Amino acid sequence: MCRAMIYLGRPILIDDLLFRPDSSLINQAYMPRMLHMLNLAGFGMMAWDKASHDPEAPYRYSSPTLPVFDRNLKSLARKTQADCVLAHVRGVAYSTTVNISDQNCHPFHFPGTKVALAHNGDIYRIGEMKGTLRAHLKDEYARQIAGSTDSEWLYALLLSRLPDPRREPAREELITAVEEVIDIVRRTRRHHGVDISSSCNLFIATGEQILGLRYCFDFGRFRTESPAQVHEANLSYLSLWFTLGREYGFHDGEWQMVGGEAEATSALIASEPLSSNTATWLQVPEYSLVHAETRGGRPRVQVRAVG
Amino acid sequence: MKGSIAEVVAAAPLYRDLAADEIAELAAGLELRRFAAGEALMMQGADSDGAYVIASGVVDVAARLPGGGEAAIADLGPGDMVGEMALLMRGGRRTATARARGEVEALFTDRRYFEAALHLLRPASLKVLRRLGLTIAERLRAVRARSRALVNAAPDDGLFRPLPGGEAHPPADFKVRAFLPILPCLRDFSAAEIDALAAAARIEQPPRGVALGEEGEAVDAPRLVVRGALLLGQRHGERLCQLDILGPGRFAGVAPVLEGAPAGAAVIAVEDSTVLAFDAARFTALWNGTDRLSLRLLEAVNADLVLSLNTASNHLTRLNAQARVRDLARA
């Protein structure tokens, strides 16, 4: 069912997000605290570093293997800083029918566009709906879908709803595009008679702004043929948390954000907190999004209900 | 400490329903602990191992804020209880830090001792469990009132959502009883206990957007969500401020029925839903019972109230944090 996180703010050692906290994203691959499924189907990360060559372009690392054993990733994470990071560990159904490949590793980012996306959830019966959803995709993005995930279709839909995916979207443009994606999928589900709960937590980053969406279509509506077919995700709303402050690091014996809102320069959004102590984290409400940007030197964080 | 342990217990509001012999039984399981000024009775985030009744002195309770700093929550004195969530939920963590302002004496109830007494259906422990539930319900009401005051003082467009609507799915035709054991709140119930509980309820299938109750009105029936979800919210004209989302296995309207109070919020189907609507009198009788079904129901409802309180507290902290960030942006 996946776990993901996005960071935006002061340059941070990637190791301090991915590996070192006691409930770091990599640890969540095999030991999530708020999910009873493992996330063993690959890892992916995009990062933006203003001090790097061509700073507006993110760099990417992904692998369909287990990240906890990935020495290359650990070696890079210990030496690399970034001011925006979007990372994801993939969880899928335990089935031989699932395609584990690099093309299916999140985040998704088509060349030349500003926006990257990762997804935590599962759009039920997406295969039947692709024909209808295709009508909402711009050809240039439909052509670039390379994998078999529902998530890449959500990404292509998002790009198709942005006025110009090649430039940095204004905050309202990005939020409106996300809301339109939700509306399109909702109407498509209705058209196909799909009414079983489907989680759609999205993690979106541009290097300048980040957005986390906590959403579920038809929440709580499980299949009614047999109790044995009811999945954990049909009964509980997938979590989404955020924290903000001046600096994320190891302070007073634990991993936490320090500095308070008054000095906030950094924000972190995650499927679940990166530390077992959740005291400094806040939960994003159901059917809501959290958006953060640091443009203009002032923190701007907004939590907004999505109808 | 003034008086014996039994006298301190007798004076605590939490134990006011107990008879003298029940107080004596309970007092035998309490441990007197002393704290110096500034010493922590409990730290936020630590494992919850038990609860304290303050015998003497003052205890400051505070919760950490995202990004650093703390917000004062309460100052407690003799007779007050702190850390009682430990008696309601297994494996939980402290949600606040409690520190002695000066010298403090407090009576500690070990969670394991309390659990053992419950397992034996000791009347005193059942009464304490009921009183704990009502205490959590009171706190929930207070926290939501503070949130409401914040929202009313500075309405932020982002806090409001339109009323749930859209075309409803046809009511699902399925064997509701067969699915009750998968609900998280009923997992400890035996088949016979689930049958007895279900016999006290009727099935409702409210489509999305239908209101099952309004803020300030009497609640006709406590409800349990089987499928779909209910939204708990406050109406602001044509919009809603969402307080909680109650999915499968969550209760709605229990606290007002038990307290005999009006509903603190509107209850609206946010998805096409299937719910059990309990006969209020039968539900209250089960809640006040002394058998294992009553214990199961008490535990399930209390766990649900704790979840609601955690959500409400998080909501309040988030509103405070957003207000500070908004003020900064305007400065």
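Read-outs throughout are calculated quantities, based only on the coordinates presented, and are distinct from any laboratory measurement. What you see is a predicted model; the values in this text were computed from it and never measured. Here Cβ is always computed from backbone atoms with ideal geometry, including for glycine, and neighbour counts include all displayed protein chains.
Quick rundown of the values:
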item	result
Label-point gap, in nm, between A:Ala51 and A:Leu13 - each point 7 angstrom along Cα→Cβ	1.3
Value of Rg to Rh for the protein assembly as shown (Rh from inverse mean 1/r over Cα pairs, i.e. Kirkwood)	0.97
Peptide B:156-166, shielding by other chains (average Cβ, 10 Å cutoff)	4
Nearest-ten-degree value, helix A:150-161 long axis tilted from longest Cα axis of chain A	80
Net dipole in debye of chain A [+1 Lys, Arg Cβ; -1 Asp, Glu Cβ; about Cα centre; nearest 20]	380
Among B:153-162, A:143-152, the order from most to least packed when residues are scored by Cβ within 10 Å on average	A:143-152, B:153-162
Per-pair calculated FRET efficiency, R0 = 25 Å: A:Arg190 and A:Arg134 via Cβ, rounded to 0.05	0.90
GluC sites (Glu not before Pro) restricted to the range B:1-79 and DSSP loop, no more than 15 other C-beta within 10 Å	B:Glu39
Peptide A:273-282 - average C-beta neighbours from other chains (10 Å radius)	5
Under 22 Å from the Cα of A:Lys79 - lysines, other chains or at least 8 residues apart	A:Lys50
Other protein chain Cβ atoms within 10 Å, averaged over every residue that makes up A:213-225	5
Charged-residue dipole, Cβ positions (Lys, Arg, Asp, Glu), the range B:77-157 about Cα centre, Debye nearest 20	240
Cβ charges +1 (Lys, Arg) and -1 (Asp, Glu), total dipole of chain B, debye	560
At most 11 other Cβ within 10 Å, DSSP loop - chymotrypsin sites (Phe, Trp or Tyr not before Pro), the range A:58-98	A:Tyr94
Where chymotrypsin sites (Phe, Trp or Tyr not before Pro) fall in DSSP loop in the range B:237-331, at most 16 other Cβ within 10 Å	none
Aspartates and glutamates whose Cα lies under 17 Å from that of A:Lys114, excluding same-chain neighbours fewer than 8 positions away	A:Asp49, A:Asp54, A:Glu56, A:Asp83, A:Glu140, A:Glu152, A:Asp164, A:Glu168, A:Glu172, A:Glu173, A:Glu208, A:Glu293
Ranked by how many other beta carbons lie within 10 Å on average, peptides A:267-276, B:196-205, A:103-112, A:162-171 from highest	A:267-276, A:103-112, B:196-205, A:162-171
Selected from A:Pro64, B:Gly247, B:Ala137, residue furthest toward positive end of dipole (the protein assembly as shown; charges at beta carbon)	A:Pro64
Rounded Å value of the spacing that divides the Cα centres of the range B:17-65 and the range A:87-107	48
